[in-house]
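Visitor: Got a structure here, written out as structure tokens. Questions coming.
Rule-based calculations on the coordinates, nothing more; no lab input. Bear in mind that the values here come from a model prediction, so they are computed numbers and not experimental data. FYI the Cβ positions are ideal-geometry reconstructions off the backbone, even for glycines, and counts take in every protein chain you see.
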Ligand code: HEM
């Protein structure tokens, strides 16, 4: 097998992101040309883009042939879900891909059984469970906490792993388990009682935020002398703050099924937390996947600032029920992501020279 045979999965995942943004903007009320993708938005983003990228990263790190099947399944899944709208084939492939994700994480946990690997394993188990429920006919708003939990637990698990250098005390680890346990309890509860589930998950998100702001090494690195380390620290810090905002919105409003408040509650996590973390992780993951270097540029702060400022605008629009603010917030969120993709490509090309 050729060494870099998996490279096409990177554009497959990024194409899902681009189409997902297109779909999100259509869903917001922007009349964009081409087919109407609005209903495909959530699955494209969560499983098509992030599911594929996260599984690919694991497979490349462990270098076992079968581990490339799960990202290939989720990649094929989004294509089929667009090619055959209304058919369950895409959702079925997402579900199989997430099942494969459990197998990958199980190998990782067996190699190294630790709270951080177990946290990441629980994240993919919840993603799989959410996909099964969605496949069996539940609406996305009923399982959206499971999809959020996949990304939140994957990210906080990874952060915990990277924080090993700080040697967290047993007390800090216990507090992490309590926060993650409350969050997970809320996610499970949300399937049977969305109102209480949302509130308990919200409390869990808030606790995970407080924990991260107190114990994550990123906070110490906000003034680091290395520019890249400092930039990553800002991505992480702002991401944590948004998880806290999502926690408050969920605690206050509880059951949300559509509309501006729903948009605020879920995108504080999906855009504020997850995309900011992706911005911070990109300078590490893309060089690893492409076996090249990245040249850091101060211009990276432009897409970071644009993302967070436009999310503030979007949330104000949502809370004040101002359609125009919300629409422009969403549009600039998307432009910030496009800018990030462009900057990343330029920096990788510069790194190759
Ligand atoms: C960056 C630009 C984005 C835009 C413009 C956008 C737009 C939207 C809109 C308008 C909705 C419908 C909310 C409502 O019911 O009123 C929505 C739902 C959703 N979005 Fe986004 N979004 C974006 C990013 C993301 C990202 C990055 C993710 C995931 C990582 C994501 C995941 C979801 C999910 C799961 C739903 C729920 C879908 C459903 O209930 O059918 N979005 N988005």
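Visitor: Under the condition of being closer than 17 Å to residue 279 by Cα and touching a helix residue (DSSP H, G or I) at 6+ places or on another chain (Cβ under 6 Å), which residue from region 308-323 is surrounded by the most Cβ atoms within 10 Å (Cβ to Cβ)?
Guide: Looking at the filtered set, the residue picked out is 311.
Visitor: Let me ask another. Given region 221-302, what helices (runs of 4 or more DSSP H) lie entirely inside it while holding 3 or more residues that are surrounded by fewer than 17 Cβ atoms within 10 Å (Cβ to Cβ)?
Guide: It comes to 227-253, 276-290.
Visitor: Go through (1) without any contact (Cβ under 8 Å) to a residue 40 or more places away in the chain; (2) within 14 Å of the ligand (Cβ to nearest atom); (3) more than 15 Å from the chain's Cα centre (by Cα) and name the single condition residue 30 misses.
Guide: (1)
Visitor: In addition: For the list (1) away from the ligand (no atom under 16 Å from the Cβ); (2) part of a helix (DSSP H, G or I); (3) surrounded by fewer than 22 Cβ atoms within 10 Å (Cβ to Cβ), I need the number of the one condition that residue 15 fails.
Guide: (1)
Visitor: Within region 69-84, identify whether any single residue is surrounded by fewer than 15 Cβ atoms within 10 Å (Cβ to Cβ), in contact with a helix residue (DSSP H, G or I) (Cβ under 9 Å, 6 or more places away or on another chain) and in contact (Cβ under 8 Å) with a residue 24 or more places away in the chain, and answer yes or no.
Guide: no
Visitor: Just name the residue that is surrounded by the fewest Cβ atoms within 10 Å (Cβ to Cβ) out of those in region 151-195 that are within 17 Å of residue 209 (Cα to Cα), over 19 Å from the mean Cα position of the chain (by Cα) and in contact (Cβ under 8 Å) with a residue 60 or more places away in the chain.
Guide: 177
Visitor: From the list 39, 62, pick out the single residue that is within 16 Å of the ligand (Cβ to nearest atom) and either without any contact (Cβ under 8 Å) to a residue 40 or more places away in the chain or surrounded by fewer than 19 Cβ atoms within 10 Å (Cβ to Cβ) (or both).
Guide: Sole residue among the options that is within 16 Å of the ligand (Cβ to nearest atom) and either without any contact (Cβ under 8 Å) to a residue 40 or more places away in the chain or surrounded by fewer than 19 Cβ atoms within 10 Å (Cβ to Cβ) (or both): 39.
Visitor: Among the numbered criteria (1) within 14 Å of the ligand (Cβ to nearest atom); (2) under 30 Å from residue 62 (Cβ atoms); (3) buried (at least 18 other Cβ atoms within 10 Å of the Cβ), which single criterion is violated by residue 341?
Guide: (3)
Listed here are the residues, each with its yes/no results for (1) within 13 Å of the ligand (Cβ to nearest atom); (2) over 18 Å from the mean Cα position of the chain (by Cα); (3) touching a residue at least 60 places away in the same chain (Cβ under 8 Å).
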residue: 249; (1), (2), (3): no, yes, no
residue: 272; (1), (2), (3): yes, no, no
residue: 291; (1), (2), (3): no, yes, yes
residue: 299; (1), (2), (3): no, yes, no
residue: 302; (1), (2), (3): no, yes, no
residue: 311; (1), (2), (3): yes, no, yes
residue: 329; (1), (2), (3): yes, yes, no
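Visitor: Here is a follow-up. List the number of the failed condition for residue 244; all other conditions in (1) over 19 Å from residue 338 (Cα atoms); (2) within 16 Å of the ligand (Cβ to nearest atom) hold.
Guide: Just one mismatch for residue 244, condition (2).
Visitor: For region 197-206, indicate whether the set of residues that are farther than 27 Å from residue 141 by Cα, more than 16 Å from the ligand (Cβ to nearest atom) and in contact (Cβ under 8 Å) with a residue 40 or more places away in the chain is non-empty.
Guide: No, that holds for no residue.
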